[in-house]
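Following: one structure in structure tokens, then a few remarks.
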Amino acid sequence: MIETLYWEDNNLYLLDQTKLPHKIEYFRCTNYIAVIEAIKNMVVRGAPAIGVSAAYGMALAELDGLDLDFVADQIKKARPTAVNLFWAVDKVLEQYNKGISSVQTAIDMHREDIEINQKIGEYGSSVIDENDTILTHCNAGALACAGYGTALGVIRRAHSDGKNISVICDETRPVLQGARLSVFEMQEENIPVKLIVDGAAGRLMQQKKVDKVVIGADRVADGGVANKIGSLMVALAAKNYGIPFYVAAPMSTFDFEHNINDITIEQRDPKEVLCINDSYITRPDTVVENPAFDVVEKELITGIITEEGIKKPF
Ligand code: MRU
């Protein structure tokens, strides 16, 4: 699997996810402002990948001799919903105040994220049965993390455990993380995969073509989970047809301080909805609402697969 991000010669290189799957290009960040822009523009996206990138952003700022408290506040404004961003920046600051360099903390976080995902994969594989077809939404894969992935990590592990499984990816309008990224990851590893439009998920469940749903999370909080827009409809359909609905997420995605209904749900540019590949698919002045995330209530969730085992939502 190609690397989502790497650190070389005191620069951060991010695989430009806006260009996938057609082009493999890295975006070089030489300062923290470039990292903020990359997070905002979704050059890098996915909760854990945003967190690790933010940590490297802090490292770049420390190398530039900047005030890290100020930079931390700036980086935290890049995107509002994935709690890993805040967690990572706070962790770098905490370590810095103990005399540990931000570069070192970022490198440690990068390595630990991959190890954590492998652990999630190990626990998650235990709920996947032979011949399962697993539906996933958005991209909670290696590309959404420092590597390996959370939801796709579970699938990756089940496949490498020798289970005969197949995957259904929702295309995930409007940014198409499912079609562009999850399908790509599965194809790269020869895991059987089928692409559907988001609206087809219910139909396939009704026809008993889905055995389990596994998605990632941007935040797990009191009362439920925030994840990519469209996750709620998938969860409701899964509940209706008695299909287990799992969330795979590291403990760094848990927010024990907020109720899920009190968190900020990012609203993104209407152009994401109005255009496909920069061409308008409707009148440019059409009124749009474009929430980037859903809240899935805890009653709809079978279990949360973490590096500490499978937990019940709280
Ligand atoms: O807007 P994105 O692409 O950053 O949203 C990502 C998701 O919603 C993922 O499903 C989530 O971050 C889990 S990533 C392991």
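Odds and ends about this structure:
- Selection within the range 135-187 - touching a Pro at 6+ places or on another chain (Cβ under 8 Å) and either modelled with pLDDT under 95 or within 11 Å of the ligand (Cβ to nearest atom) (or both): A144, C145, A146, T150, R180, L181
- Among the candidates L14, L20, residue that is within 21 Å of K228 (Cβ to Cβ) and touching a strand residue (DSSP E or B) at 6+ places or on another chain (Cβ under 8 Å): L14
- Note on the range 9-36: among residues that are assigned to a helix (DSSP H, G or I) and more than 18 Å from the chain's Cα centre (by Cα), the one that is surrounded by the most Cβ atoms within 10 Å (Cβ to Cβ) is Y32.
- Residue check for P284: away from the ligand (no atom under 14 Å from the Cβ) and under 19 Å from the mean Cα position of the chain (by Cα): no
- Among the residues making up the range 280-304, those that are in contact (Cβ under 8 Å) with a residue 40 or more places away in the chain, out of contact with any Ser or Thr (no Cβ under 8 Å at 6 or more places or on another chain) and hydrophobic (A, V, I, L, M, F, W, C) are V295, L300, I301, I304.
- For Q118, the test of being within 14 Å of the ligand (Cβ to nearest atom), surrounded by fewer than 19 Cβ atoms within 10 Å (Cβ to Cβ) and not aromatic (F, W, Y) is passed.
- Residues (among the charged types (D, E, K, R), part of a loop (DSSP other than H, G, I, E, B) and buried (at least 22 other Cβ atoms within 10 Å of the Cβ)) located in the range 195-219: D218
- Scanning the range 227-262 for residues being basic (K, R) and within 14 Å of the ligand (Cβ to nearest atom) gives a total of 1.
- Search result, residues across the range 45-97 that are charged (D, E, K, R), touching a residue at least 40 places away in the same chain (Cβ under 8 Å) and more than 16 Å from the ligand (Cβ to nearest atom): E62
- Selection within the range 69-85 - surrounded by fewer than 20 Cβ atoms within 10 Å (Cβ to Cβ) and touching a helix residue (DSSP H, G or I) at 6+ places or on another chain (Cβ under 6 Å): K76
- Any hit, the range 205-220, residues being within 16 Å of the ligand (Cβ to nearest atom), under 15 Å from G141 (Cβ atoms), of a type in the set (K, R) and at pLDDT 95 or above: no
- A Cβ distance below 8 Å, combined with a sequence gap of six or more or placement on separate chains, defines the contacts here; from the range 164-180, residues that are surrounded by fewer than 24 Cβ atoms within 10 Å (Cβ to Cβ) reach no residue that is of a type in the set (G, A, S) and at pLDDT below 95.
- Filtered residues of the range 244-298 (kept if aromatic (F, W, Y) and either at pLDDT below 95 or under 17 Å from G51 (Cβ atoms) (or both)): F254, F256, F293
The values are calculated or read from the model by the stated rules, or taken from the named source; none is laboratory data. As the structure is a prediction and not an experimental result, all values here were calculated from the model. In this analysis, Cβ positions are derived from the backbone assuming ideal geometry, glycine residues included, and neighbour counts consider all displayed protein chains.
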